[in-house]
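Contents: one structure, followed by commentary.
Taken together, the values in this text are just the output of simple stated rules run on the coordinates, not laboratory data. Since this is a predicted model, take the numbers as computed values, not measurements. FYI the Cβ positions are ideal-geometry reconstructions off the backbone, even for glycines, and counts take in every protein chain you see.
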Amino acid sequence: MYGINGDGQKYVPNAGSGLAPARFGADTDFNDLCLGTLWGASSSLAKLAVLDGIQPLGYALWNSAGAGAIMLAICAWKGMLPRMKAEHVRYYAICGALGVAAPNLNVAFVVGHIPAGIVAVALSTTPIMIYAIALVWRLERFDVMRASGLILALVGTLFIILPKASLRPPVRRLGFLWHC
């Protein structure tokens, strides 16, 4: 993740000294491609796991704990272990529970009842909603191109998930909208 400072330059938050210049290039593009592929495949993998008999709670637990263990190992390998004071651990636990474990559990429960593609489309709206929230909270400046992309993405998503606007046979139950 990177932010934009007051001068309009990109920066990466750095635990040590504050701000470090952002690095962009082939290695970050490859990382983005890998992470995007894994994120896109997550709902299909969850559906395969649930259909194979794995309980949603167990799937979400091991998925979240495994991701946390891998990230901790990478941080240890790079010499960038997180701070472990009580307030930091509490923050990590809340962020992990609300930002990783709860969505994983939600996907694992929902994906057993609706097509994985619908879940994947619903999950892909997360960055769109984050931009909209950042605009409302005035964390981002309004940009016509971004707003146009946001509107286009929402319209495209509605064409896929809403039965009357869809180009495929209708989904009878739209209750998943409240679960995604």
- Cα-Cα P(r), the stretch 25-113, percent of pairs per 5 Å interval: 3, 13, 17, 21, 19, 14, 10, 4, 0
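Within the stretch 95-168, report the chymotrypsin sites (Phe, Trp or Tyr not before Pro) that DSSP leaves as loop and that have at most 10 other Cβ atoms within 10 Å.
Those that pass, being in a loop and sparsely packed, are Trp137, Phe142.
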- Applying the gyration tensor rule to the Cα atoms of the stretch 62-146 (axes a ≥ b ≥ c; rounded if a/c under 1.5, else prolate if a/b exceeds b/c, else oblate), the class is oblate
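So which trypsin sites (Lys or Arg not before Pro) in the stretch 42-143 pass both tests, a DSSP loop state and at most 16 other Cβ atoms within 10 Å of the Cβ?
Values: sites: Lys47, Lys78, Arg83, Lys85, Arg90, Arg138, Arg141; in loops: Lys78, Arg83, Lys85, Arg138, Arg141.
Hits after loop and neighbour filter: Lys78, Arg83, Lys85, Arg138, Arg141.
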